[in-house]
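Asks: Following this message is one structure expressed as C-alpha cells.
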Amino acid sequence: MRYRDLGRTGMEVSAYCLGTMMFGAVGNPDHDECVRIIHAALDAGINFVDTADMYSAGESETIVGKALKGSRRDDVVLATKGHFPMGEGRNRSGNSRRWIVRAVEDSLTRLGTDRIDLYQIHRPDPRTDVEETLGVLGDLVREGKIRSFGCSTFPAEEIAESHHVAERRALQRFRTEQPPYSILARGIEANVLPVCRRYGMGVLTWSPLASGFLSGKYLPGRDLDLSSGRAALTPARFDPAVPGNGAKLEAAGRLKEVADGIGRTLPELAVAFPLAHPAVTSVIIGPRTMEQLEDLLKGASLQLDDETLDRIDGIVPPGTDLYRADGVWRPTALTELAQRRRPVGER
C-alpha cells in the first residue's frame, strides 16, 4: 500500500480509501461481515475510511463505529459527510449552521468517537451562503469535534468561490474535494482537478468502476443480465439499446484489451487510473463483500506507465465524459426552469 499527503492537512493517507456506502441495508446488511471487511482492509494497510450519514440512513456509520472501536480508531483517518436529508421534516438537510451542528453530533454518536478527522459537505446547497457553511465548520474545528473539512462533488466554480470567501472573511477553507472520476468520466480533468491543485487540496475520488461499467461484467457482444445487480436498479444505464450505452460498452471492451495486455484485470486498471493524476491523493474503493475487497486489493501496487496511459487516452480522450455518475450535483441554473426561461410575456 502506498501513502500520500492529504493536501496540506498534515495527514498521511493510503492511496486506497475504503468507502463504506455498501455497508448496511442498501448493500450488505450483515454487520459482522462488514466489520470483518473493514478489519481486513486495515490489515492490508488501508488507513483511510470514508462514510456518510445518509449511507443506509446512518447504518453505515454505526458499522464503521463498531469496526473502529478501541485501539484501531487511533490508526485510522476517519472521514464522513453530511448534507442529504436525514428523516422527515424541515431543516434536516443542507449546509446551514443549524443542520451541520446537528449532523456532526449525530455522526459522532453513530461512529462512537469524539472526533471526525475529515468532515465533508456532501453536495453544494444553493439556499445557503458558503460563508455560513465555512463559519460553522471552522467553529467545529476549534471545538475539537472535527479535525479538518472538505467538500464533495462540488463544481470548480463553487470550489473557487469558497476559497475566495474564506480569504475575504478570514475563515478556514475546504482542504479536500471528493469528486467522481473514472476512465469513462474524465470531465473533471479540465476544471475541478486543476482548481484543487491550485489551492493545495487533497482529492479522494469515487466511482472508479463507473458504477459497474468497468467491472468487466458489461462488455460488447456479451449477453447482459439486466435483472440483477446494479443493472436491475437502473437497467437503462446498461441496456445496449439505449443511445449512448453502446459507446460505453465499446470503450469498456477496448479497455479490457489494455488490461489484458499488461496482465491485469479491468477493475485493477480502472482503480489505478485515477491515482496516476497528480491532483489525486486517494481513490475510494467500495466493496460489498470480502471477495470484492480481496480482488480490488490485488491491484494496490499497480502503477500505470506512460504507454498504458497513452492507450487509455486513445480510447477516452482527456476531459471526456462518456458516463455521468448518479448523484452528481447540477446547478439550479440548469434544473429550475424559472432560472433559464423568461416569463412568457417578457420573452
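The values are calculated or read from the model by the stated rules, or taken from the named source; none is laboratory data. Nothing here was measured: the structure is a model prediction, and the numbers come from that model. Here the Cβ is made from the backbone with ideal geometry for all residues, glycine too, and neighbour counts use every protein chain on show. Side chains are part of the model used for accessible areas, which takes the heavy atoms of the whole protein and leaves out ligands, DNA and RNA. Shrake-Rupley method; radii C 1.70, N 1.55, O 1.52, S 1.80 Å.
Asks: Does Leu293 count as under 19 Å from the mean Cα position of the chain (by Cα) and either modelled with pLDDT of 95 or more or open to solvent by 80 Å² or more (accessible area, probe 1.4 Å) (or both)?
Replies: Yes, satisfied.
Asks: So, in segment 326-347, exactly how many residues are in a loop (DSSP other than H, G, I, E, B), open to solvent by less than 80 Å² (accessible area, probe 1.4 Å) and free of Cβ contacts under 8 Å to residues at least 24 places away in the same chain?
Replies: The qualifying residues number 1.
Asks: Filter segment 1-27 for residues that are open to solvent by less than 10 Å² (accessible area, probe 1.4 Å) and part of a strand (DSSP E or B) and give the result.
Replies: Val13, Ser14, Tyr16, Cys17, Leu18, Gly19, Phe23
Asks: Can I ask one more? Can you tell me which residue is least open to solvent (accessible area, probe 1.4 Å) among those in segment 233-246 that are of a type in the set (A, V, I, L, M) and under 24 Å from the mean Cα position of the chain (by Cα)?
Replies: Only one residue tops the list, namely Ala236.
Asks: Given the conditions (1) at pLDDT below 95; (2) in a strand (DSSP E or B); (3) not aromatic (Phe, Trp, Tyr), which single one is not true for Ala79?
Replies: Evaluating Ala79 over (1) at pLDDT below 95; (2) in a strand (DSSP E or B); (3) not aromatic (Phe, Trp, Tyr) leaves (1) as the failure.
Asks: Hey, another quick one. Condition test on Thr62, is it over 27 Å from Leu134 (Cβ atoms) and either in a helix (DSSP H, G or I) or open to solvent by 60 Å² or more (accessible area, probe 1.4 Å) (or both)?
Replies: yes
Asks: Same structure again: Quick test of your reading of the structure: Leu322 fulfils all but one of (1) open to solvent by 60 Å² or more (accessible area, probe 1.4 Å); (2) in contact (Cβ under 8 Å) with a residue 24 or more places away in the chain; (3) farther than 30 Å from Asp30 by Cβ; (4) out of contact with any strand residue (DSSP E or B) (no Cβ under 6 Å at 6 or more places or on another chain). Name the failing condition by number.
Replies: Against the list (1) open to solvent by 60 Å² or more (accessible area, probe 1.4 Å); (2) in contact (Cβ under 8 Å) with a residue 24 or more places away in the chain; (3) farther than 30 Å from Asp30 by Cβ; (4) out of contact with any strand residue (DSSP E or B) (no Cβ under 6 Å at 6 or more places or on another chain), Leu322 comes up short only on (1).
Asks: For Glu307, are the conditions met, namely being free of Cβ contacts under 8 Å to residues at least 24 places away in the same chain and farther than 30 Å from Val35 by Cβ?
Replies: yes
Asks: Same structure again: Read through the list (1) on the phi < 0 side of the Ramachandran plot; (2) under 23 Å from the mean Cα position of the chain (by Cα), then give the number of the only condition that Gly319 fails.
Replies: Unmet condition: (1).
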